[in-house]
Amino acid sequence: MKNKISRFGKFLSGMVMPNIGAFIAWGFLTALFIEKGWVPNADLASIVSPMLTYLLPILIAGQGGYMVAGDRGRVIGTIAVVGCICGSSYTMLMGAMVMGPAAGWVIKQFDRAVDGRIPAGFEMLVNNFSVGILGLILTILGYYVIGPFMTLILTVLSAGVGFLISHSLLPLVSIFVEPAKVLFLNNAINHGIFSPIGASQAAETGRSIMYMLEANPGPGLGVLLAYCLFCKDTTTRQSAPGAVIIHLFGGIHEIYFPYILMNPVVIIAPIVGNMAAILFYTMTGAGLSGVASPGSIIAYMAMAPRDSILTVLLGVVIAAAVSFVIASPIVRMSTAKNLDEATNQMKQMKAQAKGTAIDGAVPSGPVRKIVFSCDAGMGSSAMGATRFRNRIHDARPDLTVTNTSVDAIPADADIVVCQQVLADRARACAPNATLVTIGNFLSDPNLDSLYASLTQAGAAQAASKTEAAASAPSGAMDGVLVRDGIRVGLPSVDKETAIRAAGALLAELGCVDADYADAMVEREKLITTYMGMGVAIPHGTSEKKGTVKKSGVVVMQYPDGVDFGDEKAYLIFGIAGVGDAHLDLLGKICTILEDEDVLDAMKTTNDVDFLLSKLQ
């Protein structure tokens, strides 16, 4: 249940977070130019309403559609949400969070239904008209159904907020907000719920208290100050001042989460501190003009209306003071855990909240598509995907296992497998996928954990190997691998020389231009192409695909090995690929890797025909 809530919250915040800059721009417009702003300007103030009414919902809906169905989802999502906008008197931020993903789902189902059934030459016609017609239908549905329904929900929510404020009960939300921050649900709550309601309020009054409920840096500041002065552990006490600077001025609230995880009772302090601040803000009618993101004192004060500067600042001071007073005796009397242990615990919690797999574990929920990604999406990831597909096919034939460039991961990927160095790029491209990081694509403990998590039956591995071997195509590599592309008994050289030799042979066979070898060396500098088990597959960077004339593979055998870092490669497969023609060979290599006796023989044989027979 917790994982489902985390994934749902992550999806909500994933629609809003990429568009926070637009929220901030709108907030500054409001704070500066409305009638009660810093520099009232009727002309510029006229931008405020269109930006809130149209721009922000369209951005959110487009992002939601993209997260479900890529670029086509983005287009149909933006079309569909216009109906919601025009069919309601409320700002349709929450409507956009519903309509965008829903529209993405619709076009995704349509694409699946027509996949492989569109006559050649009619693809563009079908693609364009499908988005237009389905988008029009959804727009009409949004105008007559979704818009009015979301109006009803927002009316109820706004009335509930009004009730809490009028009865001084709003401070109670801190009971949920502060623990949620430590569980990394803060973005989901703040940007998925508080921000849409706050935007509606700010559109009417120029400010909203909803923007202040989660972003206030005061509660966390009080906790860190208590550790600065009263923690018994010297290392922890010395680390706290630096955390204060990062938290208060950088706005990175998660810096104080480990200090709470060291001693969970301390959570009482920020809860009560935030309660006190919210009560004060409620009594004084304070609010911010826009989203304060990140939760820095700088961003918090920048969004304060002209007549509330002192009030907003005082609320931060109250929260920090109350939190400090409560946290101090708890910190003084407790024997805290090690800060490093708490930090590691926090990282694991954060990874789970973001959907990142720890040691190959898979979160709850259906898994249908696994994507192996590398820099170019041609070599390493293709082999990794093929081998894992062969391995898991017998136990999970329902799974789609494919490969792609790390910058082109499809929106429907449930799990992304990549090397650690590419983790940030993979996460940026596929924010909603579970991320499994590995050392190499052929033999890695995290891949074993992923396999076990998906199958829950280790016995299926042997069956999948048999199936893979039986299904390997015969003669599939004709024209891609030729006898003249195999060299055996080569003397050991350094890695770059070996890679350049493979590139030169590819050029000699007419597969690539002469400078392709430079791209192969450059690719190796980015991430090693050593796959494990004495096999390397050097290939060019994605930028040099234009130098490839035709698909080809060469085999360079070094019986004494070539050093690839801490490992030695005895078989080096130089690859140049146009389309998917070379993927059959990679699949064949993966099948051979399952038979260690054959692999060992290939590393030392001087019989070119033996190698050719095993690879065709």
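Total residues in region 34-63 satisfying the condition of being more than 36 Å from the chain's Cα centre (by Cα), assigned to a helix (DSSP H, G or I) and either surrounded by 18 or more Cβ atoms within 10 Å (Cβ to Cβ) or not assigned by TED's automatic domain parsing to the domain that holds GLY147 (or both): the figure is 0. Inspection of region 275-288 finds no residue satisfying the criterion of being of a type outside the set (A, V, I, L, M), within 27 Å of the chain's Cα centre (by Cα), farther than 21 Å from ILE193 by Cα and modelled with pLDDT of 90 or more.
Being among the aliphatic types (A, V, I, L, M) and assigned to a loop (DSSP other than H, G, I, E, B) narrows it down to one residue among ALA203, ALA159, ALA180, ALA120; which is it? That would be ALA120, the only listed residue that is among the aliphatic types (A, V, I, L, M) and assigned to a loop (DSSP other than H, G, I, E, B). The residues in region 514-541 that are free of Cβ contacts under 8 Å to residues at least 60 places away in the same chain and part of a helix (DSSP H, G or I) can be counted, and the count is 8. So for region 491-513 (the condition being assigned to a strand (DSSP E or B), within 25 Å of CYS418 (Cβ to Cβ) and of a type in the set (Asp, Glu)), does at least one residue qualify? The answer is no; no qualifying residue exists. Of all residues in region 23-40, none satisfies being of a type in the set (Val, Ile, Thr) and within 21 Å of ASN432 (Cβ to Cβ).
The values are calculated or read from the model by the stated rules, or taken from the named source; none is laboratory data. Note that this is a predicted model, so its numbers are computed, not measured. Methodologically, a virtual Cβ is constructed for each residue, glycine included, from the backbone with ideal geometry; neighbour enumeration extends over all protein chains shown.
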